[in-house]
Amino acid sequence: MAVPVIDFSKLNGDDRAKTLAQIENACQEWGFFQLVNHGIPVELLERVKKVSSEFYKMEREENFNKSKVVELLDERGVTLEDADWEDVVTLLDDNEWPSKTPGFQEIMKDYRFELKKLAEKVMQVMDENLGLPNGYIKTAFNDGDGDNAFFGTKVSHYPPCPHPEKVKGLRAHTDAGGVILLFQDDKVGGLQVLKDGKWIDVQPLPNAIVINTGDQIEVLSNGRYKSAWHRVLRSVDGNRRPIASFYNPSLKATIAPAPQLVEKTKQVGETYPKFVFGDYMSVYVQQQFLPKEPRFQAVRAM
């Protein structure tokens, strides 16, 4: 069993209907799929890989090796159930970016621009497959017209772990937001998705972009598309450097099932709740690694 791989360029040709059906099936059955021929220049992706590797060697590696997590793992008998073997830098339009690595800011700015465009194209495909007006999901996430949605990029590093029995790479969870786009390391694996009760490797594929749906897509689709549980195994003998970008609603956005998808629902309890995304996030930060259903119940009560 393998995570679906979809040629995104075929949306523009004779195979459009077949490709739409492939994406629909992946959203319904997996919550994860990989896009190839997605329109992001390979040259840019190669530059991203190179500069992110240089960034960690130059600006982060030494600090991570001195971190509290490393110290605790070196203590005999200590197992860390609530820590992840991950070093993260988050890039937003309005926060301070690393500045010591030559070319990092310019390359990552270009990369984020391309990823945001791809996220919006993916959401348009979801609109079409769900029978929603074009731009419905984007408008919901932006709380109307404008550019108010959250778009963040998480540059991660999972170095080789000297005590893999004591710590997780990244604990199992579903993502809180909307559409997640991952440029995963194509040499060092570790990402897994839960499918039919089994953990399945998300196979490394050069220059592919892995797409997964978050909790807000599940709500907007009234459960037709489920957010998928996933995790990252700690690396024993390799440096894993994935880059995840998140197209999430504005904290002020009101999220609810699309009316077109609940018209046939007989009872209110069969639909997902309506809530402000910021309220959902206040619950999520406390329950990220716990089952998602109580989160929906909590915001319903609000």
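The values are calculated or read from the model by the stated rules, or taken from the named source; none is laboratory data. All of these numbers come straight from a predicted model, not from anything done at the bench. Using ideal geometry, Cβ is built from the backbone for each residue, glycine included, and neighbour counts are taken over all protein chains shown.
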- prompt: When you look at Y247, is it in contact (Cβ under 8 Å) with a residue 24 or more places away in the chain and either of a type outside the set (F, W, Y) or part of a strand (DSSP E or B) (or both), yes or no?
  reply: yes
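Yes or no, residue by residue, for (1) touching a Lys or Arg at 6+ places or on another chain (Cβ under 6 Å); (2) surrounded by 23 or more Cβ atoms within 10 Å (Cβ to Cβ); (3) of a type in the set (G, A, S); (4) touching a residue at least 60 places away in the same chain (Cβ under 8 Å):
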{"site": "G178", "(1), (2), (3), (4)": "no, yes, yes, yes"}
{"site": "D185", "(1), (2), (3), (4)": "yes, yes, no, no"}
{"site": "G189", "(1), (2), (3), (4)": "no, no, yes, no"}
{"site": "Q192", "(1), (2), (3), (4)": "yes, no, no, no"}
{"site": "V210", "(1), (2), (3), (4)": "no, yes, no, yes"}
{"site": "S221", "(1), (2), (3), (4)": "no, no, yes, yes"}
- line: Here the qualifying pairs (Cβ atoms under 7 Å; residues six or more apart or on different chains; first in the stretch 290-302 and free of Cβ contacts under 8 Å to residues at least 24 places away in the same chain; second in a helix (DSSP H, G or I)) come out as P294/Q287; A298/V283
- request: Quick one: count up the residues across the stretch 115-137 that are more than 20 Å from N25 (Cβ to Cβ) and surrounded by fewer than 20 Cβ atoms within 10 Å (Cβ to Cβ).
  value: 7
query: Identify, please: which residue in the stretch 45-74 is at pLDDT 90 or above and exposed (fewer than 14 other Cβ atoms within 10 Å of the Cβ) and is, among those, nearest to M1 (Cα to Cα)?
result: E46
The stretch 1-47: number of residues that are in a strand (DSSP E or B), of a type outside the set (A, V, I, L, M, F, W, C) and more than 17 Å from the chain's Cα centre (by Cα): 1
field: Listing of strands (runs of 3 or more DSSP E) fully contained in the stretch 126-188 that carry 3 or more residues being under 20 Å from F8 (Cα atoms)
entry: 179-183
Residue satisfying all of: in the stretch 260-292; at pLDDT below 95 and outside any loop (DSSP other than H, G, I, E, B); surrounded by the fewest Cβ atoms within 10 Å (Cβ to Cβ) among these: G269
task: Can you tell me which residue within the stretch 2-20, out of those that are in contact (Cβ under 8 Å) with a residue 12 or more places away in the chain and of a type in the set (A, V, I, L, M, F, W, C), is nearest to V193 (Cα to Cα)?
output: V3
query: Filtering the stretch 198-207 down to residues that are aliphatic (A, V, I, L, M) and more than 14 Å from the chain's Cα centre (by Cα), which residue is nearest to L45 (Cα to Cα)?
result: L205
- prompt: If K100 passes every condition in (1) in contact with a Phe, Trp or Tyr (Cβ under 9 Å, 6 or more places away or on another chain); (2) part of a helix (DSSP H, G or I); (3) under 28 Å from K57 (Cβ atoms) but one, which one does it miss?
  reply: (2)
field: Number of the exception - R240 against (1) modelled with pLDDT of 95 or more; (2) over 23 Å from L118 (Cα atoms)
entry: (1)
statement: Residues in the stretch 271-289 that are of a type in the set (S, T, N, Q), out of contact with any strand residue (DSSP E or B) (no Cβ under 9 Å at 6 or more places or on another chain) and in contact (Cβ under 8 Å) with a residue 12 or more places away in the chain total 1
